1. Give the range 286-320 a look and list any residue that's open to solvent by 20 Å² or more (accessible area, probe 1.4 Å), among the hydrophobic types (A, V, I, L, M, F, W, C) and part of a helix (DSSP H, G or I), or say none.
2. Can you tell me which of Tyr29, Tyr120, Tyr110, Tyr87 is of a type in the set (Phe, Trp, Tyr) and farther than 25 Å from Val240 by Cβ?
3. Please name all residue pairs, on different chains or six or more residues apart, with Cβ atoms under 8 Å, provided the first residue is in the range 11-30 and is within 16 Å of Lys299 (Cα to Cα) and open to solvent by 90 Å² or more (accessible area, probe 1.4 Å) and the second residue is in a strand (DSSP E or B) and among the charged types (D, E, K, R).
4. Based on this model, can you work out whether Ile252 counts as within 22 Å of Ala71 (Cα to Cα), among the β-branched types (Val, Ile, Thr), in contact with a helix residue (DSSP H, G or I) (Cβ under 8 Å, 6 or more places away or on another chain) and surrounded by 22 or more Cβ atoms within 10 Å (Cβ to Cβ)?
5. Only residues that are touching a strand residue (DSSP E or B) at 6+ places or on another chain (Cβ under 7 Å), more than 13 Å from the ligand (Cβ to nearest atom) and not in a helix (DSSP H, G or I): list them for the range 145-158, please.
6. More than 16 Å from the ligand (Cβ to nearest atom) and surrounded by 20 or more Cβ atoms within 10 Å (Cβ to Cβ): which single residue out of Ile74, Ile58, Ile33, Ile69 fits that description?
7. What residue, among those in the range 260-285 that are buried (at least 17 other Cβ atoms within 10 Å of the Cβ) and under 16 Å from Met186 (Cβ atoms), is modelled with the lowest pLDDT?
8. For the range 187-199, what are the residues that are crowded, with 24+ Cβ neighbours inside 10 Å and farther than 15 Å from Asn268 by Cβ?
Amino acid sequence: MNKFHRLRKSKAILELVKENQYTLNDLIYPLFITPGKNKKEPITAMPGQYRFSVDQIIDEIAGAREQGIKAILIFGVNNPKSDKAEYAYNPDGLTQQTIKEIKNKFPDIYLIADVCICAYTSHGHCGILVDGKIDNNLSIEVLAKTALSYARCGVDMVAPSAMMDGQVAAIRQALDSDAFTQTAIMGYSAKFFSSFYGPFREAADSAPQFGDRSTYQMEPANGRQALREIEADITEGADVVMIKPAMVYQDIIWQARQLSRLPLAVYNVSGEYSMIKSAAAAGYIDERKIVIETLNSFKRAGADWIITYFSRQAAEYLNE
Ligand code: PBG
């Protein structure tokens, strides 16, 4: 008989045979920036998460950095909106200013900016519309301009999340033609048309005013197609590929790990966060244990980086 229990009989041996453990080096902490001063607005659907004004985000990052978190992903919200999303690439826009401020205060923080226009279009779609339909070419032009404007402010990495075809290639070309060859790109390569983004839409005020994102984001039931999306991003020059959401897409994470030798990121999205938060608040689950189990499961599936709103909590658990 196989005596599995031999390797489980004490804490020491359990730790010796433990195969996966998330670390501080894996965590990427997403933050929302809102215009104004001295603002730290709670996001109702994401308990413990806030929209920060620039001054407040600096404090938040200082705290996270103190805990050992090294990477931040930022989203600008509550921005001026228009049909063609011009504010997205305004050189003095909110995100642009915030990038300068963060890199100035914390040059050692690895700063990633989400590149999308859903928070900048009056209709809330991630692309430019012509006659009510996404115009892919116009959209990737705007995404490239936006990414370039972030690079000019000193961002380390841009992460296009619009799911427009060819967005990574368009951005790589724009960056390289302006001497930003050192600005990296993380593709939201396999981004599913997921209801797990619900709470984020409240946070970013970026819900589409009509229709939905099913014509550009991926059908959640598809696996093979996700691998094709990942392959395309790699061919287009992505430095890192990402899968989003994470918890119910672990088969994709595993397959992506086999497919590519690039660093692999997963996005533990807003709905995944809120589900755990609300069940824990109701006393149905043990939050600490569930968070650790969840983050370690991403490592087991093959993820390198974990983008998670739990970052500060997860860091605290490691530092305990
Ligand atoms: C922007 C974007 C979204 C998320 C990240 N970037 C929302 C969406 O596509 O609707 C979701 C993040 C989350 O739910 O935590 N396109």
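The values are calculated or read from the model by the stated rules, or taken from the named source; none is laboratory data. Here the structure is a predicted model, which means the values were calculated and not measured. Every residue, glycine as well, gets a Cβ built from its backbone with ideal geometry; the counts of neighbours run over all protein chains shown. Side chains included, ligands, DNA and RNA excluded: accessible areas come from the protein's heavy atoms. Shrake-Rupley method; radii C 1.70, N 1.55, O 1.52, S 1.80 Å.
1. Across the range 286-320, the qualifying residues are Ile290, Ile292, Leu318.
2. Answer to the selection: Tyr87.
3. Listed by first residue and then by second, the contacts come to nothing, as the list is empty.
4. Considered against the rule, which asks whether it is within 22 Å of Ala71 (Cα to Cα), among the β-branched types (Val, Ile, Thr), in contact with a helix residue (DSSP H, G or I) (Cβ under 8 Å, 6 or more places away or on another chain) and surrounded by 22 or more Cβ atoms within 10 Å (Cβ to Cβ), Ile252 comes out as no.
5. Val155, Asp156, Met157 - these are the residues of the range 145-158 that are touching a strand residue (DSSP E or B) at 6+ places or on another chain (Cβ under 7 Å), more than 13 Å from the ligand (Cβ to nearest atom) and not in a helix (DSSP H, G or I).
6. Testing whether each residue is more than 16 Å from the ligand (Cβ to nearest atom) and surrounded by 20 or more Cβ atoms within 10 Å (Cβ to Cβ) leaves just Ile69.
7. Ser260
8. Selection gives Gly187, Ser189.
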